[in-house]
Each structure stands twice: as C-alpha cells, then as structure tokens.
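The structure appears right after this line, and notes come after that.
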Amino acid sequence: MLKKFLSKLKFSYRQLPLILVFMAFGYLLVAQINTQSALSGSLEAQTIGNLSIIAINLSQNNQHLESELNSLQDQLASVKEKVNSGSSLTTSIESNIDTLSAAIGTEAVQGEGISITITTDSNLLYYDLIDLVNELFVTGAEAVSINDIRITDDTLISEIYEMGHFAIIINGEPLLSPVVIKAIGDPATLEKGLTYSGGIIDNLNILYQVYPKIKQQELIQISAAKLDVFTYAKPVEKEKSE
Amino acid sequence: MWLPILGLFIGILLGIGFAFPLPAIYAEYLSIAVLAGLDSILGGWRAGLEGKFKSNVLLSGFFVNAAMAALLAYLGDLLGLDLYLAAVIVFGLRIFNNISSIRRGLLERYNIRKHHKNQQPSSDSQITEEQISTKTQK
C-alpha cells in the first residue's frame with residue numbers, strides 16, 4: 001500500500017535528503033518569521049516617531065494618574081481634617097460643659113479656699129448669711145456652700161417663724177448648727193475681703209456678737225447642686241445672620 | 001519534484017504547529033541560518049541543473065552552512081565585529097549567483113527542448129534529466 005503510494009509519487013531514496021532539507025528549511029523559515037513578527041511588535045523595532053507618540057501617550061497617562069492621585073490625597077486630607085476638627089469640637093464642647101457646670105453649680109468642685117464656722121449660740125440672721133455669701137462672691141469665691149448646700153443663683157436663703165422664734169432656712173430646709181460656710185477661691189483674698197476693718201466680720205462681731213471663725217484650707221470640697229429642669233423656659237433661637 | 005515541495009509544506013506546518021519561543025538575541029542568528037539554508041537549496045538546484053547534484057553535499061551543506069553562519073554571527077557579537085553583515089553579503093551574493101545560474105540553466109533547457117521538438121516532432125518528447133544535464137554541460 002505504502003510502496004504503491006510512494007511509487008505513484010515517484011519516490012526514491014535519493015530524494016530523501018532533499019525532502020529533509022526542504023522540511024528543515026520550511027521549519028526554520030516559519031520560526032524566523034514568527035520571531036521577526038514578535039520582534040517587530042517590540043519597542044526596539046519601533047520608529048522614532050512611533051516611540052515619541054508612545055512616550056507622549058504614556059506621559060499623558062502618567063500626568064492624568066498623578067492628578068487623580070493628588071485630588072484623592074486632597075480628599076483624604078480634607079476628610080481627615082474634618083474628623084480631627086469633629087473630635088476637637090467634641091473636646092471643646094465637653095470642656096465648655098465642664099466649665100459651665102462648675103459655674104452653675106451642677107458639678108462637684110474642689111480646691112483651696114476658706115471655711116467659716118459660726119457656732120450655735122449666736123444671733124445670726126438670714127441676711128447675715130446672704131451678706132456673707134455675697135461678700136465671698138464679690139471677693140472672688142468661685143463656689144460657696146452653707147452646710148454642704150451649694151449656693152447657686154437659685155438658692156433661697158430665708159427665715160421662718162416657728163415655735164416662737166425665727167429659724168433660718170436654705171432651700172426650704174432648716175439650717176442646723178453649727179453653720180459651716182465653705183468657699184473656694186484665693187484663701188488670702190477671701191479672708192481679707194471678710195476681715196478688713198469695718199467689714200462684714202467686724203460688723204457681725206461688734207453689732208451682733210456673732211463670731212465667725214475663719215480658717216484657710218488647702219483643700220475644700222463642695223458638692224454639686226441639684227440641676228434645675230426647665231419646663232416652660234426655652235432658649236430663644238438666635239437669628240442666623242446669613 | 002513534488003516531494004521536496006511537500007517536505008517544505010510539512011516543515012512549514014511543523015513550524016506553525018510547534019513554534020518554539022526564540023529569545024530576541026538569537027533572532028539574528030536564526031535569520032542568517034535561514035539565509036545559509038536558502039543558499040544551500042539554490043546551490044543544490046543549480047547543481048541539479050548542471051548535472052552535478054549530490055544529495056550528501058546538499059544535506060551536509062545545508063546544515064553545516066546554516067550552523068556555521070549562525071556561529072560566525074555569534075562570534076562576531078563576541079568580538080564586537082559585524083561578521084553578521086559579512087555573512088549576509090556573502091550569502092546574498094551566492095544566492096544571486098545561484099539564481100542567475102538557475103535562470104540560465106532553465107532557459108537553456110527550455111531552448112534545447114524546443115529545438116528537439118522542432119527536429120523530431122514524431123519522436124517521444126520525454127527527455128530524461130540526465131540527457132538534459134549532459135546537453136547542458138556540452
């Protein structure tokens with residue numbers, strides 16, 4: 001069968017080297033063409049014009065990407081700033097709240113100051129207490145308490161007539177002896193404010209025979225007042241100036 | 001005649017089917033090897049027309065020339081000389097020489113055949129290769 005086919009093709013073994021050479025040549029030719037076509041696609045094979053176009057395109061791409069990167073970095077920075085300012089706003093609000101709480105007396109406070117003790121057998125009247133407290137605030141007291149009742153703008157110091165004599169009440173509660181007034185502030189200034197000649201202590205001593213004992217202290221603790229809850233009063237909204 | 005062309009096609013198909021990835025630095029050597037191979041084939045054809053064809057000469061010439069040409073180009077790279085160009089020029093000249101010889105040989109063959117036909121129109125026009133080549137040599 002094979003012999004018949006070969007004889008039909010006029011095959012002789014003399015032709016074998018020729019066939020082999022042609023086969024090898026065909027193979028080499030295709031390999032070379034493949035390699036060359038692969039090389040012609042490479043950058044090395046490009047003309048200067050093509051290379052410059054490629055370079056321009058690449059640099060434009062690069063610029064585009066860089067500008068995108070820059071804008072994204074800006075965005076990131078602004079977002080970070082917002083986060084930071086948000087947290088700093090929270091911090092400042094918290095510190096404001098602390099300051100205001102201390103000022104209105106809803107926060108327990110401590111610090112150096114003076115304590116004034118008035119013993120039982122004295123002719124102390126409620127307006128003496130009011131004068132004392134006012135004098136203390138005038139001389140720079142930052143927090144004042146009477147028998148551990150924090151004095152705020154809402155504190156009521158008064159008297160009632162009961163069982164044949166007047167009794168001092170603070171916020172409706174009767175004041176028990178001994179009366180201890182605590183004030184936080186500069187101790188020396190506070191004491192001076194009370195004890196200068198012709199001052200309130202002098203008056204109490206001379207006119208009413210009340211002898212308060214003043215003592216400077218390094219640490220005075222004053223408890224918090226009860227927080228008033230406003231039911232009817234609402235803050236007036238500020239007009240937006242836009 | 002058809003079988004070598006069939007061999008060429010088989011070689012081309014093999015090259016397409018089993019293409020090997022050749023590094024770029026060897027592309028030059030392969031190209032010079034292809035040029036040498038082409039020169040050998042054309043030389044073989046020419047020798048056939050001249051009646052001097054020897055298959056072992058073609059076979060050895062093809063592979064050795066191709067290998068030597070590639071080696072020469074490689075050596076040139078090593079030495080920093082463009083021996084590659086020398087090979088290209090030499091093989092190019094040889095290829096053109098071979099082509100012109102083949103052309104002349106084929107023309108002569110054609111003329112002889114024509115002449116033979118005119119002289120003996122009744123006789124068998126088939127002439128063997130050997131007869132032609134002997135006539136060519138004369």
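In a DSSP loop and with at most 13 other Cβ atoms within 10 Å, the trypsin sites (Lys or Arg not before Pro) in the stretch A:135-242 are A:Lys226, A:Lys238, A:Lys240.
Assign one of three labels to the stretch B:1-101, namely rounded, prolate or oblate, based on the Cα gyration tensor with a ≥ b ≥ c the square roots of its eigenvalues; rounded applies when a/c is under 1.5, prolate when it is not and a/b is larger than b/c, and oblate otherwise.
oblate
For A:Glu159, the residues 5 or more places off, or on other chains, whose built amide H falls under 5 Å of its own are A:Ile169. In the protein assembly as shown, helical runs assigned H by DSSP with n ≥ 4 each contribute -39500 (n - 2.57); averaged across all residues and rounded to the nearest 500, the mean residue ellipticity at 222 nm is -21000 deg cm²/dmol.
Across all Cα atoms of the protein assembly as shown, the radius of gyration (one decimal) and Dmax (whole number) stand at 59.5, 175 Å. On the principal axes of its alpha carbon atoms, the stretch A:54-158 extends 105, 24, 20 Å, with the longest extent given first. Per residue, the average separation of C-alpha pairs within less than 8 Å and at least 6 apart gives chain A a relative contact order of 24 percent. Among the trypsin sites (Lys or Arg not before Pro) within the stretch B:22-72, those in coil by DSSP and having at most 12 neighbouring Cβ atoms inside 10 Å are B:Lys52. Among the residues of B:10-20, the average count of other protein chain beta-carbon atoms within 10 Å of the residue beta-carbon is 6. Note on the stretch A:44-104: percent of Cα-Cα distances in each 10 Å bin, starting at 0 and stopping at the bin with the largest distance, equals 19, 20, 17, 13, 12, 9, 6, 4, 1.
At the listed q of 0.10, 0.14, 0.17 Å⁻¹, the Debye profile of the stretch A:128-242, built from one uniform point per Cα, gives log10 I(q)/I(0) equal to -0.39, -0.68, -0.92. For chain A, please report how many Lys pairs fall under 18 Å Cα to Cα, leaving out neighbours fewer than 8 apart on the same chain. Going through chain A pair by pair, I get 6.
Rule-based calculations on the coordinates, nothing more; no lab input. Here the structure is a predicted model, which is why all the values come from computation and not from measurement. Cβ sites come from the backbone with ideal geometry, for glycine too, and all protein chains shown count toward neighbours.
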